[in-house]
Every structure is written in C-alpha cells, then in structure tokens.
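Structure, as structure tokens:
The values are calculated or read from the model by the stated rules, or taken from the named source; none is laboratory data. Remember, predicted model here, so these are calculated numbers, not experimental data. Neighbour counts are summed over all protein chains in view; Cβ atoms, including those assigned to glycine, are modelled from backbone coordinates with ideal geometry.
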Amino acid sequence: MKIPYYPGCTLNTVAKDFDLSAKTSALAMGFELAELPQWNCCGATFPLTPDNIIALTAPAKVLSNARLAGDTLTTLCSVCYNVLKRTNKVIRDDKERRSTINGFIEADYDGSLNIIHFLEILRDRIGFEKVKKAVKKPLNGLKAASYYGCMLLRPFEDMGIDDSEAPMIMENLVTALGAEPVTFPNKIECCGAHLAMNNEDIVTRLSGNVMTSAVNSGAEIIVTTCPLCHYNLEKSQPKVAESTPGYKNVPIVYFTQLLGLALGQNEAGLGFDKNQWDARPLLKKKGLL
Amino acid sequence: MKIKLAQSAIEGSEINQLERVTGEELKRCYQCGKCSAGCPVSFAMDIPPTQIMRFLQLGMFDDVMKANSLWVCVGCLQCYARCPQGCSVANVLEGLRQMVLRKGEDHYGVKEISARFLEKAPQQAIVCGFRKFVS
Amino acid sequence: MPRIGVFVCQCGNNIAATVDTKKVAEEMKNLPGVVFACDYKFMCSSPGQDMLKNAIKDNKLDGVIVSACSPHMHEKTFRKACESAGLNPYQCEITNIREQCSWVHHDKTKKAGTLKSADLTRMTIERLKKNKPLAKIKIPVKKKAIVIGGGIAGIQAALDIAEGGVDVIIVEKEPSIGGNMARLSETFPTMDCSQCILTPKMVEAELHERITLYTYSEIEKVDGYIGNFTVQIRRKSKYVDEERCTGCGECIEKCPFKVDSAFELGMTKRKVIYTPFPQSVPNVPVIDAPNCTKIQKDKCGVCAIVCGPKCIDFKMEDKIVTVEAGAIIVATGYQLMPNERFGEYGYGRIKDVISGMQFERLASASGPTGGEIKRPSDGKVPRSVVFIQCAGSRDEKKGVSYCSKVCCMYTAKHTMLYSHKVHHGQSYVFYMDIRAGGKRYEEFVRRAIEHDNAMYLRGRVSRVYERDGKVLVQGADTLSGNQVEIEADMVVLATAIISRDGADTLAQKLSIGYDKYKFYNEYHPKLKPVETVTAGIFLAGTCMGPMDIPDSVAQGSAAASKVLSLFSADEMTREPITAIVNKVTCNSCWDCLTACPYSAIERDAVKNRQGVITKWLAKVNEGVCQGCGVCVAACRSKSIDLRGYTDEQVFAAINAF
C-alpha cells in the first residue's frame, strides 16, 4: 500500500529524524509513505481571518498537486496537518473562496482530498490492535507522556482527529507499543510556537509548564507529533531545569521513533542521534536497546 | 480611566473594518472571561483577551492597537475552543495584526533574528513568525 | 323576506376617520331584506348594545349585522346581546371594517374606506340571508383526571383536584413518586429540608381516596378530546404484586446483587430488587429486570424465597390499562444535561468533579454519606470547593442558550450548606450574572457571600485538571481582570436543566406543541400559562422550561383549578362551527378521514332493518372537530359542509361583491 505523503519543510531539514523514523516504521507496518513528486511549503500557519485568502494559496497548491497523486494525503507535522486540513475544508465548503483561490493558483481543485494524519492511518486504517500484534520489542516499563499541543486538535470542528479536551490517540498508540502511558494536565497546552523567534521568555515558560507537568506526572520521556513543539521543548529544557528544583531533563522524541523501535527497527535508522536530549541511555537502561 | 462613550466610536470605521476582515461579531461576546481564563499567554498581555473584546465593544480601537496582546497571541485557539458564544479572540487579534501589517508596518525585522536561532530552528517557526509579524 | 338590521360602528375615530359610517348605514337601508340601519360611536358600549337589543325588539329583526372591528374582538359580545333579545346568536354576523378596512386606509376624504365598508357589509348581509340558526353543542364530561408525572408539580395538581372531589390518577415512570425534588437536600431560600416538606405530600397522595397511583407506568396512547379522553397506560412489570407486598424489605436485604443507584446518581449502589429511596411511595420494590440473574439466566431467585407474603412473580408481564378521563395534566419535569459534554471541566474523568445534583445527595441526610460533605475520590472532607455556574446553560456552542434559572440560587444554597457542614472550608463560585429575582432571593445570595464567606468570582472557568490529589481550577475574575488558579479539593458543576428524554414522543401522543429544546409550549406565555393548544390538556412545572419549586407548585395548583372549573358542569358547551356530512351523497372514499388533522372523522355504520351493516359513512365527531374546513376541501363528492361557513353562505357573499 502506497500512501501519498507530504513531509513539509521542517521534516526535510531539521526534523529529518521524524521523517526517517516514520518512513521506516511505515514500511515495517506494511505501507509506504510515497512523497509527493512536487510540493511547496504549506505556509506554516492557517490564516485566522477569512479575508486573508492569499495565505491559502500555498497550501491550496499543495493540495491541488496532491490530488493528482491520489484521493488521500498523509502528513506528520501537526502544523502541516492543521493548515492542509483546514484549507481543504475551506475549498470544499466555500464556493466563493474556492473560485478565488483556484484563480490564483491556476487550478481547478474542489477539496475532494482526504487529509489524514499518520496517527489516523495507524488507528483507523490499520488499527492499534494490529500495531500491537506487529510489535517485536514491547517498550515495557517505559513511562511515556504524549504531548499533543494545539494544532493537531484545534479547532475541533475542523480537525476532528480526537476529543479536543481529552485526546487519547497517542496514549492508545503508546499503550499498543507496550509502554506505560503517562497522561498529564498540560498535554493540550501551547508550547509557545513561533514566539521562538522573538520571545524566548514566553516559550520557556509555556514549554516549561508542559515539561514540568509531564515530569511531575511521572514521565521519563515525552512524545510529540510536531517539530516546533519538539524544538521548543528541547531548547527550553536547560532553563527549565535551572529554575525548577529537582527537575531532571527528559528526552523528547517523535512518536514515530518509539513506533519504529517497538516494531524492531534498527535504532540507527530512527534518528535517535538527532535528539538534543539523548533517549538512548534511558532506552538502554530499560533494556530496550 | 474615564471613557467618553460616543456612537461615532462604537460604530467607528475601524471597528467595522475589523468585523469585516475577521467575520467576527464583537457584540456576541458577553464577557464571561473564559478566554482569559484559559489563555496560555494572558499573563504576558497588557490587555487580556476578554478585555480586548470589551475595549472593542466600547469602540476603543486605538487603545487596543497599542496593546502588546496583538503580538503575544500565538493563535493556539484555546479561547475559541471553549467560548460558549463561538467567538474567537485569536481571530480578532489576527485581524488587528493584519490591519497593522497591511499598512506596511512590520512588527519584527529580519535583521533582528539571531544567527543561533536560524541555525537550528525549524523552518516552520520562521515562516510562521514572518507571516504573523511582517507585512 | 328576512328582516335584517345593520349597525355600523364608528369606534370613536378608529373607523370614522376614514369611513363615513352614516353613509354606509344609509346605503344598506336600500337593500332588500334590510329593515333597519344606523351608525353609532361605540357599538360595544353598554348603550350601543342596548340600542341593538331595542332595535331587534322594535323592528322584529331576524338577523343582525354589526360592521365593526374583527370578530375576534366582539363577536361574542354582540351574539350574547342578540341572544338576550331573543334572537338566535348565530343569526348575528360581524363585518370587519376596522382591521381590514379603516386602519389600512389613510384617505381622509373617506371615499375608498366608505366604498369598501359598504361592499364588505353588503357581502355579509347576503351571507346572513343563508344563515341557519345553530345551537351550541353539548358534550358530556368524564369527571376524572390523569396527571402525567409524579414530581412536586404533579403531586400538587393531583392533591388539589382530589380535594375538589374529583378522581385522579398519577402516572409516574419511576417506581416511586417524588421526582427530582426527592433528591434535594435543603430548599432555597428558607432552607427547609426538601424531603421533610415533600414526603408528607407524597404520603397524602398515596392515602387520598380519590387518588390512584400508577407508578412504574408510562403513557402508551391518547385518543379522544376534551372531556372524553381515552388513555392507554403501560404498567411496567414490577415483578412484585403491589396488592400483597407489605413493604417489609426482606427481599431487598437478601438480594445478593448490586448495581449503581440512578437515584443517587451513581454515588452508591443499590440492590437489583429495590425501591429508589427509603421513603419511596408506594413502598413496594421493583425488580430491575435487565440486571436480575433470575429473570435473565434463571439463577438465584432468593427474593422469592424470602418473601413472606409470596408476592414475587418472575413471570409477571407489562399490562396495558385503558382509562377514560376528561382532562390531562402533563407534569413530566426535567433532567440534567450530561456534563461529559464539557471536556474542559473533566467530569467523568476526574472523580472529584461532581454535578450540583450529586452535591445535593452529599448534603442530604439520606444520601450516600449521611449528609456529610465527603469527596468521591477518597472520602475526605474537602477543605475548598469550587462551584462553576452556567455549566451548559447560556452556552450556545456546546450547551443550551437559555438560563436554567435555579442554579444561581441553589449554588448559593450549596455554599451555605458547605459552610454549615465544613466549618473552616472555603467555597468559591464562578458566575457570569447572579440571577436572584424572587421573594427573599437576593438577600439569600448576599447572606451566602457576607455571612457564609463564599468567594464569588465573576468569570468562567476554562479548565479543570488534577494534580497531586487536588483539583486545579483555571478561571478568570473579570472584575479584577486577572487569571485565577484555585487548588481545590472538589468542583461542583451547576448543570443545565434540559427537557426529559422522550418529551417529544409524549407531546406527539398528546398533540401538544413543544419548542426546539423539547420543552412544552403553553397556549399563551402570559395569559394562558398552563393551557395547551389541545383543549383539556394542561401543563405544570419544568416540562415547560426551567423553574423553581414555588413556581412548579403554583402551576400545579393552577392546572388543577383549570381542571376543576372544566368539571364544574356535567356538560361542556362549545361553538357549533363544525363540519357536517351529507349522508345521502357521501360515497365513503375516506379522503376526509386522512385529511383531518384532529382525527375528528369517524366511520359510522349504516344498518338495514334486519340490523345488518350495509355500508359505512363518514361522520364528524363534534367534540373533536375544530371547524378548520380541511375535510370540506378534501371531499370529492362535496358531501361535507362547515356550519356557519357553508358553501351556500360563502358563494352568496362572493356574488354580492
């Protein structure tokens, strides 16, 4: 099974580990992420005013090209998923904006693409039960906190991947992999997002809240699905550790890295070396490496 | 602070423009405070989300435009997700940002970005940041 | 030749400003059959009516036209006046020259208005010539009432009707009467114990010789019309013989199986054979069949073994009982919105987030904790409690747009109960507005704040989550403009009041209206607050929308007084404007039967001399017919006519135009 795949800018560069581990895991699960032959940046933010149509043209172009590759498009980055899914909905439901956008990008796209997240493939197309059966090396004893952030979930009426207040899709995956899910209060709170560019204080505070909340709930490792969340958490950790008595740094990994590991894939192909806070000592300690 | 209320301000052209750009109806907000309660960056705002809506209802457009709230909001949509009236302060703030940026007034310059940041930062942060802060 | 009198009203200036009433009257005098015509300032006034009566006598009138306002206003007045002057009231017709003529004309020369008034009056005169004297229809009344719902509104209604000397049946879905009020601890603003004031009424209803209780029963079907309803009631199988059961409770004691108690909102268990609460009326247990192993798997049967009077019957089946009654009161009450809909409050995930109704049970002496405030997770006494108002109310996005009306008051009451029971505890209330309109209500809320130290915070809560055995509440205080975080031990949600599941199905059975929230519609929100569009069916209590106990009780009594006044005569009279079938030409196609929105058409057997049925013809039930005329239009053989609006009358009027 080949599924058309949109990596997005970040997965092709600083989040190569995310891309790599996802492709490896997919093959292990019996499907292939077929990268679109032609794609551009999605714009990295969905314009919040209906008036800002120009910002919809970049994702619309991605969608219109993707439609040539099939009726489904999958992606990994939460932001890409958010932007593409919401743009697709606008094009599908709003005739007026559809025709304006199509005019801009010189296409005739109708919004008929089905945008699904990699997590949805695992849950809805394959099923976590089957994932569990495919696990070769259960992540026994690993206390993993799933951090969702914002873009995967909100707004609920557009995203609909899971309950926006109490999502469980990542915990359920982690459980299927044999790890011990740690659910923590701040799992749907913001990391600070693009303020990374010009307001480190806010990012440190927000990411800090997320990490301390996870660690206080017993997490040994934090699992994410967004390169920006991943970056903000990793980068904030030293300052958080500095200002939080008793805080110990934890590795922050993509869910696909744990998935690949549990499916018995070689650690080298999963990009663990790219994480700022190395997960390998922990995994070794748990007998998972 | 004493506010001089006048119909000309309440129905001011900027307010109208804002409603047109965002598609948000400001008077729908009944000031329950749920947005401020859940806003992750409210602590850093000089006018918190609920009051942004109130100030705009009162026609105090200029005061709102001066607030750092415009640039602190990350658009996480926590406010919208829980608003009982279906309002989105995030959308309103984006509309205000847009009104500034469309005048060509950048909030942040390319030169201000540190090299250290550029080295490791995810591309999406840079693209998104530029979309939010630069005209 | 008929002898018709025409009376043209000036209605002060309402008509006279644009209509020359004198001229209209003069013109009418020239028409054949008109022997008298005049105009007058106010025909509806006493002198106006006297003038009409005298004219009837003096001129020996056999028909009267009053050209005045809409017949909705004064048709009754003038027909009554005619009747008192010895004329058949249906020989009086009204021409509407105000709403349909003078008010829509601005022409001060009065030309157009006068012309149209004359036309309209002439049409009515021709119509009147074809009138036939009619007599009011008399319908016998079955003096028995059914009250659907045995909550406080229904109980009050039943007691009042019974005290008025009329038999009444209470149909209650649950195994006991008492409704939601039976769950409450104390009641605002007097703080008297809910059960202490309710249970005497429940017992009074049980013992009253004119009240019959059908508990564990539901309405199956409703036929008939005001004064003559036929109601089928499903009496669900209790598996316990009500007549013989002594209420000893031995069966409950010995039953080995437990399930969550719905009455206690899941905070404790009950047996599979159970009464909902200790003071249940009647004090007869029922078996919860889906959970009973004897009924499901033929195992156990302990209850039948220990039952002294041997009144348990596992083979018992539902019974359908048919009751004839003259009036029905609907008092089916409310339920609470599922709190799980609001994920941000964590209800269902966080044990110490409970609903207001659950708090009532915690505070109730007969509740799961014996009246001590203990939190569900670990049974500890909470040192701080956060109350969140409008949890579902005034929330268009995920809840309901209306205000549930009682939450402000019961939340204030909760803070008081809490401060009385947990002396050094702190309560916090998140509110949007304090709605305390009512006798001594505002003072009550002030007492909670000033005397019982409830900290009121104007704002809503965004999120509730757990941390280290605490419930963290993230809210806002909009008055100070700040975010607020409270480390609480327990959170109480003031859940929205919604209509009962199945409220729409019942409304359809009864042919009564309901709104988009499935609350029942009153006939008129101000002037007919307990009536429905279906005559003989009345409403009381929260089935109409959120209200408190005093209002529910008042409505119960109001509905009861309506029933008693309906039953005050042996027969009811009603207007004879009903359809009538011509038996000679009816060809039994039954189009009328399918067309009639009131089910007023019946199949009437025609028998020959030997008593053998030879054919069936349509017949109009005069008690049910509303005179809408749909059957008249539907009838292919033109065999149906509407009294007072016959084809002959209508065509005569049109021809005169």
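Summary of values
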quantity	calculated
Qualifying residues in the range A:9-40 (those that are farther than 18 Å from A:LYS274 by Cα and within 16 Å of the chain's Cα centre (by Cα)) - the one surrounded by the most Cβ atoms within 10 Å (Cβ to Cβ)	A:ALA26
Condition met for C:ALA436 (at pLDDT 95 or above and in a loop (DSSP other than H, G, I, E, B))	yes
Of residues in the range A:90-100 being under 29 Å from the mean Cα position of the chain (by Cα) and under 12 Å from A:PRO50 (Cβ atoms), the one surrounded by the most Cβ atoms within 10 Å (Cβ to Cβ)	A:VAL90
Sole exception among (1) surrounded by fewer than 22 Cβ atoms within 10 Å (Cβ to Cβ); (2) of a type outside the set (Lys, Arg); (3) part of a helix (DSSP H, G or I) for C:PRO189, by number	(3)
Qualifying residue in the range C:542-551 (condition: among the small types (Gly, Ala, Ser) and either surrounded by 23 or more Cβ atoms within 10 Å (Cβ to Cβ) or modelled with pLDDT under 95 (or both))	no
Unique residue being of a type outside the set (Asp, Glu), assigned to a helix (DSSP H, G or I) and within 27 Å of C:ILE139 (Cα to Cα) when the list is C:CYS625, C:CYS631	C:CYS631
C:ILE273 vs. criteria closer than 30 Å to C:THR534 by Cβ, surrounded by 14 or more Cβ atoms within 10 Å (Cβ to Cβ) and at pLDDT 95 or above	no
Residue match in the range A:180-199 (condition: among the acidic types (Asp, Glu), more than 14 Å from chain C (Cβ to nearest Cβ) and touching a strand residue (DSSP E or B) at 6+ places or on another chain (Cβ under 7 Å))	yes
A:ALA193 vs. criteria more than 29 Å from C:LYS397 (Cα to Cα) and at pLDDT 95 or above	no
Filtered residues of the range C:607-657 (kept if aromatic (Phe, Trp, Tyr) and closer than 20 Å to C:ASN131 by Cα)	C:TYR645, C:PHE651, C:PHE657
Hits in the range C:1-25 (condition: of a type outside the set (S, T, N, Q), surrounded by 15 or more Cβ atoms within 10 Å (Cβ to Cβ) and out of contact with any strand residue (DSSP E or B) (no Cβ under 7 Å at 6 or more places or on another chain))	C:ALA16, C:ALA17, C:VAL19, C:ASP20, C:LYS23
Single residue of the range B:99-126 satisfying the filter (assigned to a helix (DSSP H, G or I) and β-branched (Val, Ile, Thr)) that is nearest to the other protein chains (Cβ to nearest Cβ)	B:ILE126
Among (1) more than 30 Å from C:MET181 (Cβ to Cβ); (2) not in a loop (DSSP other than H, G, I, E, B), the one test that C:LYS299 misses	(2)
Among residues of the range A:45-72, those that are away from chain B (no Cβ under 14 Å) and farther than 15 Å from A:ASN114 by Cβ, counted	3
Count of the range A:143-177 residues which are of a type in the set (A, V, I, L, M), part of a helix (DSSP H, G or I) and closer than 24 Å to B:PRO84 by Cβ	1
Sole exception among (1) within 24 Å of C:GLN508 (Cβ to Cβ); (2) among the acidic types (Asp, Glu); (3) in a loop (DSSP other than H, G, I, E, B) for C:GLU209, by number	(1)
Number of the condition not met by C:ARG341 [criteria: (1) surrounded by fewer than 21 Cβ atoms within 10 Å (Cβ to Cβ); (2) modelled with pLDDT of 95 or more]	(2)
Those residues of the range B:71-85 which are among the aromatic types (Phe, Trp, Tyr) and within 7 Å of another protein chain (Cβ to nearest Cβ), in sequence order	B:TYR80
Selection status of C:THR646, crowded, with 16+ Cβ neighbours inside 10 Å and more than 21 Å from C:GLY224 (Cβ to Cβ)	yes
Residue satisfying condition, being outside any loop (DSSP other than H, G, I, E, B), out of contact with any Phe, Trp or Tyr (no Cβ under 7 Å at 6 or more places or on another chain) and either away from chain B (no Cβ under 14 Å) or of a type outside the set (Ser, Thr, Tyr) (or both), within set C:GLU396, C:GLU443	C:GLU443
Extreme residue, farthest from the other protein chains (Cβ to nearest Cβ), among residues of the range C:461-478 that are out of contact with any strand residue (DSSP E or B) (no Cβ under 6 Å at 6 or more places or on another chain) and either among the hydroxyl-bearing types (Ser, Thr, Tyr) or assigned to a loop (DSSP other than H, G, I, E, B) (or both)	C:GLY469
Lone qualifier among C:ASP551, C:ASP501 - being outside any strand (DSSP E or B) and within 30 Å of C:MET455 (Cα to Cα)	C:ASP551
Set A:GLY264, A:GLY269, A:GLY287, A:GLY246: member being assigned to a helix (DSSP H, G or I), surrounded by fewer than 17 Cβ atoms within 10 Å (Cβ to Cβ) and away from chain B (no Cβ under 14 Å)	A:GLY269
Scope the range B:17-47; condition of a type in the set (S, T, N, Q) and over 15 Å from B:LEU70 (Cα atoms); matching residues	B:GLN17, B:GLN31
Number of the condition not met by C:ILE350 [criteria: (1) within 14 Å of chain A (Cβ to nearest Cβ); (2) under 22 Å from C:ASP548 (Cβ atoms)]	(2)
Exclusive hit being away from chain B (no Cβ under 14 Å), among the small types (Gly, Ala, Ser), over 17 Å from C:GLY154 (Cβ atoms) and surrounded by fewer than 18 Cβ atoms within 10 Å (Cβ to Cβ), set C:GLY502, C:GLY481, C:GLY513	C:GLY513
Residues being over 26 Å from C:VAL473 (Cα atoms), within 11 Å of another protein chain (Cβ to nearest Cβ) and of a type in the set (S, T, N, Q) - total across the range B:14-65	2
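Conditions tested, residue by residue: (1) closer than 30 Å to C:GLU571 by Cα; (2) in contact with a helix residue (DSSP H, G or I) (Cβ under 7 Å, 6 or more places away or on another chain); (3) part of a strand (DSSP E or B).
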| residue | (1), (2), (3) |
| --- | --- |
| C:PHE277 | no, yes, no |
| C:SER280 | no, no, no |
| C:LYS310 | no, no, no |
| C:LYS315 | no, no, no |
| C:VAL321 | yes, no, yes |
| C:GLN335 | no, no, yes |
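Residues are listed down the side, and each one gets a yes or a no for (1) at pLDDT 95 or above; (2) in contact with a strand residue (DSSP E or B) (Cβ under 9 Å, 6 or more places away or on another chain); (3) aliphatic (A, V, I, L, M); (4) assigned to a strand (DSSP E or B):
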residue: A:VAL14; (1), (2), (3), (4): no, no, yes, no
residue: A:SER21; (1), (2), (3), (4): yes, yes, no, no
residue: A:THR24; (1), (2), (3), (4): yes, no, no, no
residue: A:GLN38; (1), (2), (3), (4): no, no, no, no
residue: A:CYS42; (1), (2), (3), (4): yes, yes, no, no
residue: A:PRO47; (1), (2), (3), (4): yes, no, no, no
residue: A:LEU73; (1), (2), (3), (4): yes, yes, yes, yes
residue: A:TYR81; (1), (2), (3), (4): yes, yes, no, no
residue: A:LEU84; (1), (2), (3), (4): yes, yes, yes, no
